[in-house]
Amino acid sequence: MISSDLIEKGKSLGATMAFEEEELYQEHVLEHYEEPYHRGRCGHCTHCHEDDNPLCGDRVEMSLSVNDGGKLQEIYFDGEGCCISQAAASMLVERFDQKTIEEVKQFTAQDMLRLFGVKLTPNRQKCCLLPWRVLQAAIYSPVDGQGENPGAQKENHDRCL
């Protein structure tokens, strides 16, 4: 039979491990915020989209260089906002550097929250998911005006270049 002291020690150890794991994720978030991966603009942009969260003011832009085979040759982000939105953008850009549009299409909101790692309240999840939404839109937003809505694409082109 397991003693109650042993059970309490196990619970305490589990809580300590959970706290340490959470702390590691938080450090990872801060690293991406302070030293973001591919922050700036794509040199030879073929696709671009920008959006914001009007409730908090976060803004994210994704610029991509997609080759004829659908591979993201370059992927960059720019923007401003809270640590969560900007770190999430950096993580997402790092995750999809040299990947394909098909891989982006298959990446879900739940995948994004898992990639971020830190448990977030519903309001903060919106900050984390903003870069994901922008990337999902960017793959359908060519800057040459050849998309489904050329007027919107021209506006996007002007804003992203």
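Laboratory data are not the source of any read-out in this text; all were calculated from the coordinates shown. A quick note: this is a predicted structure, and the numbers were derived from the prediction, not measured. Don't worry about glycine lacking a Cβ; one is built from the backbone with ideal geometry, like all the others, and counts go over all protein chains shown.
Data for the structure
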read-out: Extension reserve of the residue 28-residue 123 stretch, reckoned as 0.36 nm per residue once the Cα distance is removed; value: 32.1 nm
read-out: Point-charge dipole on Cβ atoms (K/R +1, D/E -1) for the stretch 33-160, about Cα centre, debye to 20; value: 420 debye
read-out: Other-chain or far-sequence residues with amide H under 5 Å of residue 141's (modelled H); value: 48
read-out: Fully extended contour minus Cα-Cα distance, from residue 114 to residue 137, at 0.36 nm per residue; value: 6.3 nm
read-out: Phi-based couplings in Hz for the stretch 51-65 (Karplus 6.51, -1.76, 1.60; Gly and Pro marked x); value: 8, 9, 10, x, 6, 10, x, 4, 9, 9, 10, 10, 10, 10, 10
read-out: In Hz, Karplus ³J(HN,Hα) per residue of the stretch 85-94 (6.51, -1.76, 1.60; θ = phi - 60°; x = Gly, Pro); value: 5, 6, 5, 4, 4, 4, 4, 5, 4, 4
read-out: The stretch 33-160 shape via C-alpha gyration tensor axes, a/c threshold 1.5; value: prolate
read-out: Under 5 Å, built H, 5+ apart or other chain: amide partners of residue 74; value: 65
read-out: Mean separation of Cα contacts under 8 Å, 6 or more apart, over the residue count of the stretch 33-160: relative contact order %; value: 29 percent
read-out: Calculated from backbone phi, Karplus (6.51, -1.76, 1.60) coupling profile of the stretch 130-140 in Hz, x at Gly/Pro; value: 4, x, 4, 4, 5, 5, 4, 6, 4, 5, 9
read-out: Spin-label model distance (nm) - residue 98 vs residue 71, 7 Å beyond Cα toward Cβ; value: 0.9 nm
